[in-house]
Amino acid sequence: LFHPGYHKTINDNLLKAVNDSRTETKPIKIELSIAASLPVWLKFNLNYSDKTLPDNYIGVISIPEDFGETEKNIWHQLPGFFQNLPLGIYRTSMNGEVKFVNKGFLNLFGFASEQELYELNISELFVKKTERTELIKKCIELKSFSLEFLAFTKNRNIIWVKDSCSVEYDEFGNELYLDGIIEDITERKLNEQLLVESEAKLKESNLSKDKFFSIISHDLRSPFNQIIGAT
């Protein structure tokens, strides 16, 4: 049930409870291995079936009783908060498996449900797949990183997006997830392109004007010199 990165944490806490002759562990913050999971606080209550074998026990997993009401309320509000944000929020594994997306992400890329994305690798949305490799490399080097790139929507339309992401590590320093916020910057990119094209046309116009005046002045110089000389 638990993400592999937390197996040692759980086992260490269980063994510590056994060695201390306690019937329960301290609260442990872990993640389930299901898609779209968020960190949860759990406690393991132990019932030893054979005290001569420390690894042989049964128990109950529960939310700790001292898990504060304020934290509980925040926890229950988080999914709605993430879903209502106008930006795309995602969590993927390092190899591109989608773990969580919000409604903003679905709307941005034109998907009807999370399930459609769970069946894809996130790299399939990159027009240049090498840019995802660059994104991960920079995130690991710099802890957080933003990259603008071309992406495919579900209908294979191409849009410009800005991805700001960071890497989530387990307690042993291993990369677990890539978490990010993504926004559609297509309109801004089109405006930038129009500005570049407008600037290029202005430069071309100025060059043509300068060339025209240069030709006129060259062609008029000789007749004017003759007139001035005659005068």
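In straight Cα distance, which aspartates and glutamates are under 15 Å from K162, not counting same-chain residues fewer than 8 positions off?
Once the sequence-local aspartates and glutamates are set aside, what remains near K162 is E131, E134, E148, D179, E183, D184, E187, E192.
Which trypsin sites (Lys or Arg not before Pro) does the range 156-204 hold that lie in a coil by DSSP with at most 13 other beta carbons within 10 Å?
Those that pass, being in a loop and sparsely packed, are R156.
For the range 76-139 and the range 164-209, what is the separation of their Cα centres, given in Å?
Cα centroid of the range 76-139 versus Cα centroid of the range 164-209: 18 Å apart.
Using a 1.4 Å probe on the protein heavy atoms, what percent of the accessible area of the chain belongs to carbon and sulfur?
After summing per-atom areas, the C and S share lands at 56 percent.
Cα to Cα, under 19 Å, and not fewer than 8 places away if on the same chain: which lysines meet these conditions relative to K29?
In chain and number order, the partners are K8, K16, K43, K72, K99.
List the GluC sites (Glu not before Pro) in the range 147-219 that DSSP assigns to loop (not H, G, I, E or B) and whose Cβ has at most 13 other Cβ atoms within 10 Å. Which are they?
E171
Taking the Cα-to-Cβ direction at A112 and at L195 and moving 7 Å from each Cα, how far apart do the two end points lie in nm?
4.0
Before anything else, pin down the relative contact order of the chain: Cα pairs under 8 Å, at least 6 apart, normalised by residue count, whole percent.
Across the chain, relative contact order equals 12 percent.
With springs connecting C-alpha atoms under 10 Å apart, model the chain as a Gaussian network and identify which of S166, S21, S214 has the largest mean-square fluctuation.
S214
Cα gyration tensor of the range 152-216, axes a ≥ b ≥ c as square roots of the eigenvalues: rounded (a/c below 1.5), prolate (a/b > b/c) or oblate?
The shape class here is prolate.
Say each of N11 and E204 gets a label point 7 Å from the Cα, pointing the same way as Cα to Cβ; how far apart are those two points in nm?
6.8
Given the chain, what whole percent of its Cα pairs are spread farther than 31 Å?
Above the 31 Å cut-off, the chain has 49 percent of its Cα pairs.
By a straight-distance test (C-alpha under 24 Å), which lysines pair with K201 as possible cross-link partners, with residues fewer than eight away in the same chain excluded?
The qualifying lysines are K189, K209, K211.
The values are calculated or read from the model by the stated rules, or taken from the named source; none is laboratory data. Small disclaimer: the values here were computed from a predicted structure and weren't measured. Backbone-built Cβ (ideal geometry, glycine too); neighbour counts: all protein chains shown. The area values use the complete protein model at the heavy-atom level, side chains included, leaving out ligands, DNA and RNA. Shrake-Rupley method; radii C 1.70, N 1.55, O 1.52, S 1.80 Å.
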